[in-house]
């Protein structure tokens, strides 16, 4: 109980709820059979890993692109 | 005769009465026009009207299983847009909305390339007034660029149609190939409106400059008309798979760094079009169903997202993420509608995006296109990032912006509520939705495996965003301009042409100077030998010089003739 109170306090209520949903979704892998369109998707927790890593990659690339494509607001004016 | 007119025609023609009606009467009249037009959809499939002019058959009204779902959703979009904009007393915008929607619907029923060309251009000329409705100097300049590009697309279509007619003896709108010039030109015309990579700049450049109502209308028709045209004429064209994959891929990075939330949605629109283009490229029955289903669902949820951002713009006066935040307290209904749109576009189960996108992903699986499949899966995580989270989060949550606006006007709320309800209904009852698709569907999107995979993908992508935000890794949004492919014609081409002109000017000046110098030295030489060195021992005046010059010219001509 202490752990949950501490988690909610430090990580925020909504964030903690999302974290719990994530854990439940991982556990559901062991309840039923999950399969994908391609063989590699059958790897344990593949969609979860793919989603998490994709989001980080998009963020990292997006931040890197700032220096190349970002200009002043009145660039075209 | 009236029954044979294409759906949308009555909206296009009827729009010209709008300036003469009072505000309330105008709104009722517009809805009446949409309903009247929708009745024509019950005429059934087939060719209903052909007009022969100069021995050419213009197929004005042709309806089939591909045009019907697009026509249905275009009517729904027109209806929602009218309700959404009914708080404004602006007959010009009303006229533009209804005539634009009418032209787009009529274009769906064109059976030949020249009829399509007419409506293609009509959508361009009617929709440009929606951008002008933005009423800023930026909007005026954007509208000019928009019309040039849209008319340019029409010119490609016309050129392609003429060549097609010349080589085939008819200009029927049917399956075409990009292997011949006419097909390639028509493909390019459709590609401009479908915002293919490097042809997409106009979309992000112009849509966010329109008024809050204008952007909602714009997001519904032009690009989806192009998707319809591609599905009609280039289904199964392999290159579309790769073009579409690029379209899903690149805009997500630009959407992440863009600050203007309506522009983020414009990038997101581009990304969603990519899914449809991939499906058209695959070309199987399942894939075409996927493209149509995705276009249908997309028009509603993208319209919903644009409506929610339009409501924010209307109340707060800006759509920049850096200047927004904390609006949930003041605009809760708008926020909830925005979240429903965000969940739908992210393709969470029980929402419209899921049942539409699943068809496309499954068709990729059936065709064994693994690389494209994972690109689109990656793009799905991107959609969640920029449309699913960024839009509602930065507008309604994030930090306190200090704005304390009123909730959106009632008509806007009603329009958003209709959009939200449709997103949920389509997601919850996919079997009803699938019935209007071009081909009969035996597809079940809701199985344990599929739902769990999608939920894991999206929830973990959301969790990644939460981690980035919570640990303050996510950088703040900045007021900025993000360079896009419109940079080529807004900066690069003008700069290249300006430098080229300047270079030629300098070259011309140097050349003239050198010529003058050479001519002077020749003149001085003759002057010296004739007068200073007294070679000609008699007075020689100006007439002598003329005679010598004529002699020189004759010699020159003779030499030239001899050589040639």
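Nothing in this text is a laboratory measurement; each read-out follows from the coordinates by a stated rule. Worth saying up front: this structure is predicted, and the values here are computed from it rather than measured. Please note: Cβ atoms are built from the backbone with ideal geometry, for glycine as well, and neighbour counts cover all protein chains shown.
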Tell me, how many Å apart are the Cα centres for the stretch B:122-162 and for the stretch B:166-222? 12
Applying the gyration tensor rule to the Cα atoms of the stretch B:375-422 (axes a ≥ b ≥ c; rounded if a/c under 1.5, else prolate if a/b exceeds b/c, else oblate), the class is oblate
Ratio of Rg to Rh for the stretch B:230-338, alpha carbon only, Kirkwood? 1.09
Report the gain in length on full extension from residue B:516 to residue B:528: 0.36 nm times residue separation, minus Cα-Cα distance, nm rounded to one decimal. 2.5 nm
The stretch A:36-77 shape via C-alpha gyration tensor axes, a/c threshold 1.5: prolate
What percent do you get for the relative contact order of the stretch B:235-481 when only Cα pairs under 8 Å and 6+ apart count? 27
CD proxy, 222 nm, the protein assembly as shown: helix-only mean residue ellipticity via -39,500 (n - 2.57) per DSSP H run with n ≥ 4, per residue, nearest 500, stands at -22500 deg cm²/dmol
Semi-axes of the stretch B:291-391 from the Cα gyration tensor (sqrt of 5 times each eigenvalue, largest first, whole Å) come to 30, 13, 10
Within a 10 angstrom radius of each residue's Cβ in B:377-389, how many Cβ atoms of other chains show up on average? Whole number is fine. 4
For the pair residue B:440 and residue B:478, how long in nm is the line joining their label points, each one 7 Å along Cα→Cβ? 5.8
For helix B:181-193, report the angle its Cα long axis makes with the longest principal axis of the Cα atoms of chain B; keep it between 0 and 90° and round to the nearest 10°. 60
Stokes-Einstein D for chain B (4 °C, 1.567 mPa s, Kirkwood Rh from Cα pairs), in µm²/s, comes to 50
Compute the helix-to-body angle for B:352-367: its Cα long axis versus the longest principal axis of chain B, expressed 0 to 90° and rounded to tens. 70
Relative contact order for chain B, counting Cα pairs under 8 Å that sit 6 or more residues apart, in percent: 13
Could I get the Rg over Rh figure for the stretch B:1-233? Both from C-alpha atoms, Rh via Kirkwood, rounded to two places. 0.97
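Which number comes out as Rg/Rh for the stretch B:69-183 once both Rg and the Kirkwood Rh are worked out on C-alpha atoms?
On the way: Rg = 16.5 Å, Rh = 15.6 Å.
Reported Rg/Rh (Cα atoms, Kirkwood Rh): 1.05.
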Can you give me the Cα centroid spacing of the stretch B:459-519 and the stretch B:412-433 in angstrom? 42
By the Kirkwood definition, with r running over pairs of different Cα atoms, the stretch B:235-481 has a hydrodynamic radius in Å of 18.1
Starting from the Kirkwood radius over alpha-carbon pairs of the stretch B:188-246, derive D by Stokes-Einstein at 37 °C in a medium of 0.692 mPa s and give it in µm² s⁻¹. 269
Based on the Cβ-Cβ distance of residue B:39 and residue B:470, what FRET efficiency does E = 1/(1 + (r/R0)^6) give at R0 = 45 Å, to the nearest 0.05? 0.25
Output the Kirkwood hydrodynamic radius of the stretch B:207-275, Cα pairs only, in Å rounded to one decimal. 12.9
Normalised by the empirical 2.2 N^0.38 Å for globular proteins, what value does the Cα Rg of the protein assembly as shown take? 1.19
Pop a pseudo-label 7 angstrom from the Cα along the beta-carbon direction at both residue B:166 and residue B:551 and give the gap in nm to one decimal. 5.7
0 to 90° range, to nearest 10: angle between helix B:91-108 axis and chain B longest Cα axis: 90
Please work out the Cα center distance from the stretch B:259-294 to the stretch B:322-337, rounded to the nearest Å. 27
Which whole number of Å³ per residue matches the convex hull of the alpha-carbon atoms in chain A? 178
Report the relative contact order of the stretch B:232-287, percent, no decimals, based on alpha-carbon pairs under 8 angstrom and at least 6 residues apart. 54
